[in-house]
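S.K.: Handing you this structure, nothing more for now.
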Amino acid sequence: MLKLNNMPKILNIILNPNPVLRKKSVEVEVKKVNTENFKKLFRDMAFTMLKKDGVGLAAPQIGKNIRLITINIEGRPFIMINPEIKRKSIKKEWGEEGCLSVPRTFGKVLRHFKIQCVFINALGKKDKISASGFIARIIQHELDHLDGILFVDKAKDVKIT
Ligand code: ZN
């Protein structure tokens, strides 16, 4: 028999303006990471990001104010729980950004060029990543979502297409 509940589904994306996008998200309890509910949430978030052609997705964007993000690294979803930037380069760079919660809007945002980030991975283990350029930009964008910040708050040359 076909188990429909095991199939990933596209989650509804919360659009700006919405108070959910402006709340500070709370940390995920690490012991919850290995539960079926969370595994399903990871799958659904990753599936939603890939289907919507997003480079990243943060939990508030699907209506959950918890510190959980997924980023798209060369077409593969990468889950980060309770992510925290530990080191960042002095060097910053302007780059164009958009957001699934702010459709058809683009603008240039100044971000640290290089970051080092600690987080809990999808297996519930402590992990870390060093990233630069575009991946570092995505992580900083998604981390902002966890603090209720949208890229349009910081962007210049904003254009709506
Ligand atoms: Zn976004």
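The values are calculated or read from the model by the stated rules, or taken from the named source; none is laboratory data. This is a predicted model, so every value here is computed, not measured. When we count neighbours, we look across all protein chains shown, and the Cβ atoms used for this are built from the backbone with ideal geometry, even at glycine.
S.K.: What about Asp157, is it farther than 18 Å from Lys39 by Cα, among the acidic types (Asp, Glu) and under 16 Å from the mean Cα position of the chain (by Cα)?
M.R.: So Asp157 does not fit the description; no.
S.K.: Further question: Being in a loop (DSSP other than H, G, I, E, B) and touching a Leu at 6+ places or on another chain (Cβ under 8 Å) is the filter; apply it to segment 16-34 and report the residue that is farthest from Asp147 (Cα to Cα).
M.R.: Asn34
S.K.: For segment 130-145, which residues satisfy the criterion of being among the charged types (D, E, K, R) and surrounded by fewer than 22 Cβ atoms within 10 Å (Cβ to Cβ)? It would help to see each step written out before you state the result.
M.R.: Applying the first criterion (among the charged types (D, E, K, R)) to segment 130-145 yields 137, 142, 144.
Once the filter is applied, which keeps residues that are among the charged types (D, E, K, R) and surrounded by fewer than 22 Cβ atoms within 10 Å (Cβ to Cβ), segment 130-145 yields only Asp144.
S.K.: Among the residues of segment 152-161, are any buried (at least 20 other Cβ atoms within 10 Å of the Cβ) and either at pLDDT below 95 or not hydroxyl-bearing (Ser, Thr, Tyr) (or both)?
M.R.: Checking segment 152-161: at least one residue is buried (at least 20 other Cβ atoms within 10 Å of the Cβ) and either at pLDDT below 95 or not hydroxyl-bearing (Ser, Thr, Tyr) (or both).
S.K.: Ok, one more. For Leu57, work out the one condition from (1) over 17 Å from Arg43 (Cβ atoms); (2) in contact with a strand residue (DSSP E or B) (Cβ under 6 Å, 6 or more places away or on another chain); (3) within 12 Å of the ligand (Cβ to nearest atom) it doesn't fulfil.
M.R.: (1) is the only condition that Leu57 fails.
S.K.: Taking interchain pairs and intrachain pairs at least six residues apart, which have beta carbon atoms under 6 angstrom, with the first residue in segment 46-59 and in contact (Cβ under 8 Å) with a residue 12 or more places away in the chain and the second within 9 Å of the ligand (Cβ to nearest atom) and in a strand (DSSP E or B)?
M.R.: Met49/Leu57
S.K.: Among the residues of segment 80-125, write down those that are free of Cβ contacts under 8 Å to residues at least 60 places away in the same chain, under 20 Å from Gln61 (Cβ atoms) and polar (S, T, N, Q).
M.R.: Result: Asn82, Thr105.
S.K.: Need the failing condition index for Glu84 against (1) assigned to a strand (DSSP E or B); (2) of a type in the set (D, E, K, R); (3) more than 16 Å from the ligand (Cβ to nearest atom); (4) over 21 Å from Phe119 (Cβ atoms), just the number.
M.R.: (4)
S.K.: Something else: Looking only at segment 31-58, how many residues end up being surrounded by fewer than 23 Cβ atoms within 10 Å (Cβ to Cβ), hydrophobic (A, V, I, L, M, F, W, C) and farther than 12 Å from Ala122 by Cβ?
M.R.: 3
S.K.: Only one of (1) buried (at least 16 other Cβ atoms within 10 Å of the Cβ); (2) touching a residue at least 40 places away in the same chain (Cβ under 8 Å); (3) more than 15 Å from the ligand (Cβ to nearest atom); (4) assigned to a strand (DSSP E or B) is not met by Asn72, so which one is it?
M.R.: It is condition (3) that Asn72 fails.
S.K.: Would you be able to tell me the number of residues in segment 142-161 that are over 16 Å from Pro77 (Cβ atoms), within 15 Å of the ligand (Cβ to nearest atom) and in contact with a Gly (Cβ under 8 Å, 6 or more places away or on another chain)?
M.R.: Residues flagged as over 16 Å from Pro77 (Cβ atoms), within 15 Å of the ligand (Cβ to nearest atom) and in contact with a Gly (Cβ under 8 Å, 6 or more places away or on another chain) within segment 142-161 amount to 4.
S.K.: Filtering segment 69-120 down to residues that are of a type in the set (Ser, Thr, Tyr) and over 15 Å from Lys156 (Cβ atoms), which residue is farthest from the chain's Cα centre (by Cα)?
M.R.: Looking at the filtered set, the residue picked out is Ser89.
S.K.: Every residue in segment 117-126 that is crowded, with 16+ Cβ neighbours inside 10 Å and in a strand (DSSP E or B), please.
M.R.: Selection gives Cys117, Phe119, Ile120.
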